[in-house]
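Have a look at the structure below, then the notes.
The values are calculated or read from the model by the stated rules, or taken from the named source; none is laboratory data. Just so you know, these numbers come straight off a predicted model, no measurement behind them. Cβ placement follows ideal geometry from the backbone for every residue including glycine, while neighbour counts extend to all protein chains displayed. Each accessible area value is taken on the protein alone, full model and side chains, heavy atoms only, with ligands, DNA and RNA left out. Shrake-Rupley method; radii C 1.70, N 1.55, O 1.52, S 1.80 Å.
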Amino acid sequence: MKLIPRILLTAGLMMALLFSAGTCPAEEAFAVEDTGLDLAETLSVHYPALTGGENEELTQQINDLIREECGIKAYLSRAAQLMSGGSLTVEWKGGLLNDVFSCAVSAAGAVENNRPTHVWTACTADLRDGRKIILSELFTDEETARELIVNYLAEDVLPDLSAHLENSELEPLPETFFLERSGLTLLYPVRQLSTLGDRAGDIRIGWHVLKDVLDLGEDSLLSRIGVKEMIELSEESAEQLRTASAEGSLTGIPAKIGDSVQELTDRYHLLTDPDGFEGGRLFALEGGCFRGVYLMTDDLTRSWENSKVQGIRMDQGCLWGLCISETPRDSWISILGEPDGSAEVNEEKAEANRIEPGTCDYYSCGEYQLRLYSDESGILISVVLAE
């Protein structure tokens, strides 16, 4: 058996490193390495490990915390048991958020015995002192925050869950969570919340939903990871929006324009059958990162093995100060400037595009076009990035 380290710098991680350069002393800069064990087709265990920083003891402390919180030792020890049958695949996502590290680890297959299942584990660590960060640290009032989350799940999430789920209990709130620039993701046990693909469920809650209870004080954890830029539209957040859009992606959504639709559906699974819109199809995928998100592609054939993502549509969440169902049109025009073009979306056009009547503003971002849709009252209802 051989441990295989690999440097994994995803687009999100690259951006995180760019942010960290402005907030962390250079001598304390960290990088993230993908490391793990691959054993034929039986066992594949990959997890993050931090490198860099002057304090080797601190780096080791953080890596020990990651392995402990994410159950890595137990997963690696499954190699011998799997000789008699079964397989296990462990993957992770996450990265640096300035001087905070957060990851979620997915274990699928023979996790504890030969009976297939799926388990989420996670770790969020403060890189200043190596300690584990807990959920209560995000809020000014934990009790009020939990009540707000419970109400949001009941009113906005539960009605959208499929009636065909084997498990669909959103309460009690799980203590396992994952932080991203785009929001807080709750990671559930599979026996409480599962997906149509029999995976443990996860629910992402945009930071704007929680803004009234977030601790955004000076030097607070959430201020350090850049949450203010995600919920407050400013010149700085607008620049981040333009940069991400010019790269063909919307921050927090693991898909880019030009990606293979087949590969994405194989990995994340279809939430519903593709829906048609004017000139193409909308694909909804499973997972918290795709809640309220649609991938746009062609409608040339019944299958989609050769189709590419031609657009990404976000009907839920927050994106560099653009908050769905909250941000007024006047606000983005005052920051982004007059759009390159605008069009009225009448009843007929709205029906053809599965959207509400209103206005669409167009902004050019490199080779792509950012479209901001507002309803008839002038409130943002959808963000679309397209070719």
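For the range 207-224, does any single residue satisfy the condition of being on the phi > 0 side of the Ramachandran plot and touching a residue at least 40 places away in the same chain (Cβ under 8 Å)? Checking the range 207-224: not a single residue is on the phi > 0 side of the Ramachandran plot and touching a residue at least 40 places away in the same chain (Cβ under 8 Å). For residue 248, the stated conditions do not hold, so it cannot be described as small (Gly, Ala, Ser) and touching a Cys at 6+ places or on another chain (Cβ under 8 Å). Number of residues in the range 193-227 that are more than 17 Å from the chain's Cα centre (by Cα) and open to solvent by 20 Å² or more (accessible area, probe 1.4 Å) equals 12.
Suppose the filter is in contact with a Cys (Cβ under 8 Å, 6 or more places away or on another chain) and assigned to a strand (DSSP E or B); does residue 204 pass it? When the stated conditions are applied, residue 204 passes them. Residues of the range 255-270 that are on the phi < 0 side of the Ramachandran plot and touching a Lys or Arg at 6+ places or on another chain (Cβ under 9 Å): 257, 259, 260, 261. Scan the range 139-152 and give yes if some residue there is without any contact (Cβ under 8 Å) to a residue 24 or more places away in the chain, in contact with a Ser or Thr (Cβ under 9 Å, 6 or more places away or on another chain) and open to solvent by 50 Å² or more (accessible area, probe 1.4 Å), otherwise no. Yes.
Residue count for the range 84-119, restricted to those that are in a strand (DSSP E or B), open to solvent by 10 Å² or more (accessible area, probe 1.4 Å), among the small types (Gly, Ala, Ser) and more than 23 Å from residue 131 (Cα to Cα): 2.
Filtering 184, 179, 173 for residues that are closer than 18 Å to residue 156 by Cα and within 18 Å of the chain's Cα centre (by Cα) leaves a single hit, 184. Scan the range 168-197 for residues that are over 13 Å from residue 120 (Cα atoms) and part of a strand (DSSP E or B) and the total you get is 5.
Filtering the range 163-175 to residues that are farther than 18 Å from residue 205 by Cα and in contact (Cβ under 8 Å) with a residue 24 or more places away in the chain leaves 164, 165, 166, 167. Screening residue 182 on (1) surrounded by 21 or more Cβ atoms within 10 Å (Cβ to Cβ); (2) on the phi > 0 side of the Ramachandran plot shows it passes everything except condition (2). Of the residues making up the range 50-83, those that are in a strand (DSSP E or B) and surrounded by fewer than 18 Cβ atoms within 10 Å (Cβ to Cβ) are 51, 52. Per the conditions (1) part of a strand (DSSP E or B); (2) closer than 16 Å to residue 237 by Cβ; (3) open to solvent by 20 Å² or more (accessible area, probe 1.4 Å), the sole criterion not satisfied by residue 359 is (2).
Of the strands (runs of 3 or more DSSP E) lying entirely inside the range 246-326, those carrying at least 1 residues that are of a type in the set (A, V, I, L, M, F, W, C) and surrounded by 20 or more Cβ atoms within 10 Å (Cβ to Cβ) are 280-283, 293-297, 311-314. When each of 382, 377, 334 is tested for being part of a loop (DSSP other than H, G, I, E, B) and polar (S, T, N, Q), the lone residue that passes is 377.
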